[in-house]
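A.B. asks: Next up is a structure, given as structure tokens.
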Amino acid sequence: MWPVPQKLDEHNKRVKTDGLDAKALCLKLDRFVQGNRCALVLVRVPAEEEEQKRAIHRQCEQLVKARKQLEAQGRSLIVNHGCEPLKSWWKPRTFAALDVPQWMRELLCNWQPILLALQEKIAALTVQLQSAAGPDQPRGLGLMTSVIIDREIGDWRRFSNRRQIASYTGLCPGEYSSGNPRLRAALVELAWRLVRFQPITNRL
């Protein structure tokens, strides 16, 4: 178990240093050890196996982010010099059809193989993650989203009520709580897709 993040500036001095934070944590720990169970709120530390599983889809997210950044840099180069950008400009057929000067094509060539390699890794990880999903998924729940939710939650049995689940997901955050950002993003996207692609859910 581990204490959850808390606001340590209880007196609202608006001064934050490592020394002050360490002192505040030690005082809270002292009160907790003395029997004040409200002094600290403990959270469960994921098992090593759970962290290993999480690392797979988190790396996939990081690769997607890196691909988007490089793709945006190439598109910015194209637009800044008055050329018409094309979606996914780095893909082989699109790249071959780019109407850009030779000097620009040479610069884009520095990015294209990296983008192709990233996409290959993303596709492989996506297949690996989707194959780990259970056979019977609820309507509207995609394989990737299912895996992300299950692996970010870890063990549903650690929650004793709905309030704890809402707090962990960050869907009902307090002023100083943030929840699990990856889990929150997956749930928000899931809700958006249900509304966008399955209009029947609007009448439920």
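The values are calculated or read from the model by the stated rules, or taken from the named source; none is laboratory data. Here the structure is a predicted model, which means the values were calculated and not measured. Neighbour counts are summed over all protein chains in view; Cβ atoms, including those assigned to glycine, are modelled from backbone coordinates with ideal geometry. Ligands, DNA and RNA are stripped out before the accessible areas are found, and what is left, the full protein with its side chains, is counted by its heavy atoms. Shrake-Rupley method; radii C 1.70, N 1.55, O 1.52, S 1.80 Å.
A.B. asks: State to the nearest 20 debye the size of the charge dipole of the stretch 86-135 about its Cα centre, where the only charges are +1 on K and R beta carbons and -1 on D and E beta carbons.
C.D. replies: Here the size comes out at about 100 debye.
A.B. asks: Quick one, can you get me the convex hull of the C-alpha atoms of the stretch 115-169 expressed as volume per residue in Å³?
C.D. replies: Numbers: hull volume 6.3 nm³, N = 55.
Spelled out: Cα convex hull of the stretch 115-169, divided by residues, is 114 Å³.
A.B. asks: Rounded to the nearest 500 deg cm²/dmol, what is the calculated helix-only ellipticity per residue at 222 nm for the chain, with -39500 (n - 2.57) per DSSP H run of length n ≥ 4? List each step's numbers first, then the result.
C.D. replies: Numbers: 7 runs with 119 residues, N = 204.
After summing the helix terms and dividing by the residues of the chain, the value is -19500 deg cm²/dmol.
A.B. asks: Here's something else I'd like to know. On the full set of protein chains, 1.4 Å probe, figure out the accessible area of Lys65 and give it in Å² to the nearest 10.
C.D. replies: Here the accessible area works out near 130 Å².
A.B. asks: Kindly report, to the nearest 10 Å², the accessible surface of Ser131 as traced by a 1.4 Å probe over protein heavy atoms only.
C.D. replies: 90 Å²
A.B. asks: From the backbone phi of the stretch 125-132, what are the Karplus-calculated ³J(HN,Hα) couplings (6.51 cos²θ - 1.76 cosθ + 1.60, θ = phi - 60°) in whole Hz, Gly and Pro given as x?
C.D. replies: In residue order, the calculated couplings are 5, 4, 4, 4, 6, 5, 5, 8 Hz.
A.B. asks: Sort Thr94, Thr17, Thr169 by heavy-atom solvent-accessible area, probe 1.4 angstrom, most to least.
C.D. replies: On the way: Thr94 35, Thr17 65, Thr169 10 Å².
The ordering from most to least exposed comes out as Thr17, Thr94, Thr169.
A.B. asks: For the stretch 55-112, with only Lys/Arg (+1) and Asp/Glu (-1) charged at the beta-carbon, what is the dipole magnitude about the Cα centre, in debye rounded to 20?
C.D. replies: Values: 9 positive and 5 negative charges, 54 e Å.
The dipole of the stretch 55-112 has a size of about 260 debye.
A.B. asks: I want to verify a result. In a Gaussian network model of the chain, Cα cutoff 10 Å, which of these has the top mean-square fluctuation: Leu190, Leu129, Leu86?
C.D. replies: Comparing Leu190, Leu129, Leu86 in a Gaussian network model of the chain, the most mobile one is Leu86.
A.B. asks: Would you indicate which of (i) 58, 33, 33; (ii) 43, 36, 34; (iii) 73, 47, 37 is the value of Cα extents along the principal axes in Å derived from the coordinates of this structure?
C.D. replies: (iii)
A.B. asks: What whole-number value in Å² describes the accessible area per residue of the stretch 14-138 for a 1.4 Å probe? If you can, show how the numbers build up before the last one.
C.D. replies: Working: 8590 Å² over 125 residues.
Using a 1.4 Å probe on heavy atoms only, each residue of the stretch 14-138 averages 69 Å².
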